[in-house]
1. Does the stretch 480-505 hold any residues that are surrounded by fewer than 19 Cβ atoms within 10 Å (Cβ to Cβ) and part of a strand (DSSP E or B), and which are they?
2. Which residue out of A709, A690, A731, A743 is over 30 Å from N644 (Cβ atoms) and touching a residue at least 40 places away in the same chain (Cβ under 8 Å)?
3. How do the pairs read when you match residues in the stretch 120-140 that are on the phi > 0 side of the Ramachandran plot with residues anywhere that are assigned to a helix (DSSP H, G or I) and crowded, with 16+ Cβ neighbours inside 10 Å, using Cβ under 7 Å and keeping only pairs 6 or more apart or on different chains?
4. Restricting to helices (runs of 4 or more DSSP H) lying wholly in the stretch 179-258: which have 2 or more residues that are within 15 Å of L762 (Cβ to Cβ)?
5. Among the candidates A754, A733, A804, which residue alone is over 21 Å from the mean Cα position of the chain (by Cα) and either within 22 Å of L321 (Cα to Cα) or small (G, A, S) (or both)?
6. Within the stretch 454-479, track down each residue that is of a type in the set (G, A, S) and either at pLDDT below 90 or loosely packed, with under 13 Cβ neighbours inside 10 Å (or both).
7. Mind listing whichever residues of the stretch 268-322 are among the aromatic types (F, W, Y) and either closer than 26 Å to G218 by Cβ or outside any helix (DSSP H, G or I) (or both)?
Amino acid sequence: MQAAEINPTVATPVSQQLQQSRTATSNQQQRESGESAGTAGSNQQQRAKQQNARDAIDPSATATTTTASASGAASRVVQGSSEKPPRLDGQSAAHAALRTSSAAKPGVSQGISAEWDAKYYWSALGLITVISLATRLFMLSEPHFVIFDEVHFGKFASYYLRREYFFDVHPPIGKMLLALVGYLSGNDGSYLFENLGADYLVDNVPYLPLRAFCAVLGALIAPASFVTLSAFGYSVVTSTLAGLLVVLDVGLLTQSRYILLDSMLLFFTIAAFASLAQFISKRESPFTSGWIFWLASTGVFLGFAVGIKYVGIFVIAAVGLYTIYDLWTLLGDLSVPILGAGSDDRPTFIEHFAIRAVFLIIVPIAIFLAGFAIHFAVLTQSGPGDAFMSLAFQAGLQGSSIQNLTRTHPKTIYYGAYVTIKSQAHNCYIHSHLHRYPLHYPTGRVSSAQQQVTCYAHKDANNWWIILREQDTDASQYKELMPVRHGDRIKLVHATSNTTLNSHDVAGPVNAILQEVSTFNAAVDTVTPYPVFRIDTNYSPILWSTLGLGGTPEWESMLPFRLHHENTSATLQTKGEALPEWGFGQGEVTTAVTGVSIADSSFVVEEIEDHIFRHSDATNPIRARLGFLQSFIELQTEMFAANNRLTDNHAYQSRPSEWPLLHRGISFWQGDQRQVYLIGNPVIWWSATAAILLLAVADVVLLIRERRAVYDLAPATRFRMVVCGRMLLLAWALHYVPFMTFARQLFLHHYLPALMFKIMILAIVLEHGVEFVVGLAAKLFGPSVRSSGRVALLMVASTTTAVAIRYFLLLAPLAYGMYQARSDVEAIKLRKSWDLKL
């Protein structure tokens, strides 16, 4: 009998064949080892009980997947082989279940409503897409005012069209997509979205194409959720439920209708996950065109996600962790050769690793970097973002005031130079004056009583410093040009007071955990000075040698540098803290060994003057523009620093612990008896929170029982619940838990990426709950009960959808900005903490 002769739809013959296999194997082992027949029979009965337990929960799925996995082994048993059949639990069960579902139409489940899947798949997908588009595009022109962060992202799109340099904490791809839509719709960038609440109609602004672009991408989140669960093997009913719940969430609706980055982020995040799910569904046919397409799509969508907002890194982490698991599984598959081709010419492990590295690492990085390359190429004019960048960067912007300075500004810094040193992050100069630190502070602490060093926001004669070698005391001895290089140990002498910059183990004037910075006057001060600092130009020896450059780089003006105190190994910094009245409110300057940020410790030489430069390159302009790598690193540093500075309180900020239960929302706009207020659908949010807990508990219970060799689920069901369920839980956790560590301002909309996965978790928990109840009923009342599983799932899905619709209709006016009477607003205020305008 051949394997092909086994009917894959009939369960009984396979069970008999597997039983024969177990019996034959047991008898063979008895003959070889002399074990007693009673012991073998006991083991055989135990295995039969485990098989019956699986059959009791889901016999139809067990039959299907068992047949697909064991047909070859069963045929060998019929022919008299004593070879053991393959295990059908653990990873083998998951792979067998996947092969079974892949044999049918891709994305069609083998669950309790499988017969509906092939028939209604495309109809359901189309219906979800149409409904989602309708809800997102409805009343899109209202309100016709600049609302919430449209004031930022609309403005940034206009700056791209004007080619004026601006600064933002988010990567550029999302804003460039908005600019592209604006360009195609006739926007010339003249309108800058500067005033919150300004009327688009009065200024004749073409804002609808921008909103429509965001709305369409937001609408596609729902069908992408449907595709994800279908690819994971869930029924059309469950996949449709997930898509409809995404449509019916008022929070996702609100965030998708306006000129914001979030709808783009959400779409590319779920698109990457849906592509990964499709890729997983084709894992039994590697290196086919479909397999490669979905792998490549995953990488492309990952690149766009992180290129829109940095939180896109969370979906990259989710995909990356699965890929590690996938490669680890392949490494343990002895049928997959490591290097050379196997007997059946299967792809090698190295080939699997390489193609994943290309599409899941190189492609996203390339897209991310390309976004910044285009950003720099487009923004060539001086603009409002100049002040965030170094003088060297500003010098490359057309129309920048720094360009005039570069005509007489030397590129290289030499010993003996008079310089002003500016903090980029805090826009102030390292400064000293004749006033000294108070010997005793009000707190009782004692200072060095040496001359103050501060950070002063204005140009002043007391901002000038002279650069000396560590062993020198006077600049007059320098008769030739000696460039200062990376790693040189230098002294900085204050030009007007002839005192030397100094730091020591004395507590800072404001921050006692930091070290005081002062200047030392040899004629007055008796404490031993420590005036030597080491110059750090952010030099990379590896990069320097790669470029074929010898020696160490010279210290160049206008490029960021840091100063490290030699005696204490601390780094010079200013954190923006203001000194008390005795320090005239100027900024505190300190050194610290740990906890020093790059932004707080980065300085530039803004001005240089001295006779030593009469024969230098002072008449040569600095290079026109920094290279891409330097510009990219500088911008990344400033973006992260600016993000961390977003610590001020906001009227509608919230903490991550408040998000799952919808403690409060965000007011986007308020008008006359109208408002746009972002809040979620409480039925969806609260029930999905419970679903996460249920799935986590069920997973732990299954792990414990399987550890005791008790298998409650058929392989196909186990694959969906354990493998796919864990992936969704992981994605939700990665998009939620990290925010608990953030000190910056946070808002409810930061939870929306996690919400997408949370909604899918709710849908699959409902399907598994129905499967479990139907399985128990079949065990108690007979197999005929199982035929009602599809009806039960439909009833649960319909009831859930109906309740979600009820609250969607109740809260939708807040998303659309509809007119509402005071009584209507009071009726929809389901929690006292919802700060709606009454």
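1. P483, R485, R489, D505
2. A709
3. M139/Y816
4. Here the list reads 221-231, 236-247, 250-256.
5. Details: A754 fails: over 21 Å from the mean Cα position of the chain (by Cα); A733 fails: over 21 Å from the mean Cα position of the chain (by Cα).
Answer to the check: A804.
6. A461, A475, S476
7. F268, F273, F279, F287, F293, W294, F301, F304, Y310, F314, Y322
So that you can scan it fast, the table gives a plain yes or no per residue for (1) over 29 Å from F273 (Cα atoms); (2) aliphatic (A, V, I, L, M):
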residue	(1), (2)
S788	yes, no
V791	yes, yes
V803	no, yes
L809	yes, yes
P813	yes, no
K837	yes, no
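The values are calculated or read from the model by the stated rules, or taken from the named source; none is laboratory data. Predicted model, so just to flag it, every value in this text is computed and none were measured. We place every Cβ from the backbone using ideal geometry, glycine too, and count neighbours over all the protein chains shown.
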